[in-house]
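Below is one structure, written out as C-alpha cells, with a few remarks after it.
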Amino acid sequence: MTRRPITVSVDKLRRRRPEERPRKLPADERSCPRCQSHWRAEEMQRNLRVCATCGHHFPVGARERLDQLAEGRPWLELWPEMRASDPLQFVDLEPYPDRVDKAERAGATEALVVGELAVRDHPCVVAVMDFGYLGGSMGSVVGEKLARACDRCVERGLPLVCVTASGGARMQEGVIALMQMAKTIVGFELLRDAELPTIVVLAHPTTGGVWASFASVGDVTYAEPGALIAFSGPRVIEQTTREKLPPEFGRAETQLANGQVDAVVDRRELAGRIGKVLGILERPSGVAPAPAVTWAQEKAERAATVARNLPELSRRFVSRVRRPDEEDDR
Ligand SMILES: [Zn+2]
C-alpha cells in the first residue's frame, strides 16, 4: 500500500479578514446558493422553498411537504408515535440513541412521515422522507411505516404517493436497515396486485438503498429539478475510481434523458401534476375496494401453488443445468 502525503495549508484562511466573512443569516432565512437572492422565512414558505428568482429548490421538511401537497387543507398523520430502537447497541462517534435524540430535538420524529390527505380532491396516502432526520436514512421505522402505508392503501383502495430524500440505508441499524429494502418492495408489490397506482417523487438527494428499492419502482416517477438521483454519490465514485465525473452526473435532468424518470417537475406545479395523474389512474367510482382479507387469501393460495410445484420446479431446474452428455445416462 502506498502512503500519500497530506498537505495542509492555512494561507487561505490567514489572508481572509474577519470583516470579509459573509453575514450569518438567522436559521429560518435563506440565501440562494445559485443566485445569492435573500429570502425571509415567510417568503420561503410562500414560495414552497423555491427561489423565485432562479428556481433553485431548497430542501423541505416532511411535515411542510405534506402541508404543501394538501394546499392548506387538514391532513391526518399516521403512526407518529413510532420510534427506532437500538437492537445492535451501535456506537460510532456517539451512541445511536444519542443521535436519535439530537435529531428529534431538531424537530422531526423520524425520517418518514405518513399522512392521509387529498391532493386536489383525490384521496391518497402520502409518505414523505425527511433528509433533516439522520440524512433521511431508511431504518426499521421507515420500513415499517411504509409497509403499513401500503397495507392501508390496499385496505381502503387508495393510491400511494411517496416523496423521497435519503442518503440510503441507516448504517446504525446494520442488516436490519438493509432488510427494509425487501420489505418496502413487498409493500409496493401488494399495491401492484391490488391494481392501485403508486407515484414516486424523487427530491434531492435520493441515493443508496432507497433508490435501489421502492423509489425506483413507482408506476409514475417524477423528479425535482437538480435533484441527485444515484446509487452512489459522485464523491464516493470519484474517491473509488479516482476519475472526475461530469457535473451533470446523476442529476434529475440526466436521469430524464436516460429514461429513469418520467418527468422533471417544478415543486410549484407538483400538487397539480399529482392530482391530475391520480384523477386519470384512480378506481372508477362505484367499484368497491377489495378488502384486505381477500388479498391475504390470494397470497396464501399463491404460496400454496408455489409449494405444490416445488418438486416439479427443481426437476426442471436440474434438467436445465445437466450437461448434454449426461442426457444419455438417464
Ligand atoms: Zn436563486
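Here is how the numbers come out for the structure above:
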quantity: Built amide H within the under 5 Å cut-off of Arg30, gap 5+; calculated: Trp39
quantity: Burial order of peptide ranges 79-92, 200-213, 113-126, 246-259 (average beta-carbon count within 10 Å, highest first); calculated: 200-213, 113-126, 246-259, 79-92
quantity: Per-residue SASA entry for Tyr133, accessible area with 1.4 Å probe, Å² rounded to 10; calculated: 0
quantity: Order by protection proxy (mean Cβ within 10 Å, highest first), peptides 30-38, 152-160; calculated: 152-160, 30-38
quantity: DSSP-defined beta bridges in region 48-281 - what % are antiparallel, rounded to 5; calculated: 40
quantity: Candidate residues Lys276, Lys102, Lys145: accessible-area rank, largest first, probe 1.4 Å; calculated: Lys276, Lys102, Lys145
quantity: Estimated vicinal HN-Hα couplings, Hz - region 119-125 in sequence order (Karplus 6.51, -1.76, 1.60; Gly, Pro = x); calculated: 9, 6, 6, 9, x, 7, 9
quantity: Cα gyration tensor shape of region 127-267, rounded if a/c is under 1.5, else prolate or oblate by comparing a/b with b/c; calculated: oblate
quantity: Amide H partners (placed H, <5 Å) of Leu112, local residues excluded; calculated: Asp130
quantity: Rounded percent of accessible protein surface that carbon and sulfur make up, region 48-281, 1.4 Å probe; calculated: 55
quantity: Value of relative contact order over region 48-281, rounded to a whole percent, pairs C-alpha under 8 Å and six or more apart; calculated: 17
quantity: In sequence order, calculated HN-Hα J values of region 200-205 (Karplus, 6.51, -1.76, 1.60; Hz; x Gly/Pro); calculated: 10, 10, 8, 9, 7, x
quantity: Cross-link table Lys183/Lys299; Lys183/Lys276; Lys145/Lys299, entries beyond 24 Å C-alpha to C-alpha; calculated: Lys183/Lys276
quantity: Label-point separation in nm, Asp92 to Ser31, each point 7 Å along Cα→Cβ; calculated: 3.0
quantity: Length released on extending from Arg83 to Arg46, taking residue separation times 0.36 nm less the Cα-Cα span; calculated: 10.2 nm
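The values are calculated or read from the model by the stated rules, or taken from the named source; none is laboratory data. In this text, all values refer to a predicted model and were calculated from it rather than measured experimentally. In this analysis, Cβ positions are derived from the backbone assuming ideal geometry, glycine residues included, and neighbour counts consider all displayed protein chains. What goes into the accessible areas is simple: the full protein's heavy atoms, side chains included, and nothing from ligands, DNA or RNA. Shrake-Rupley method; radii C 1.70, N 1.55, O 1.52, S 1.80 Å.
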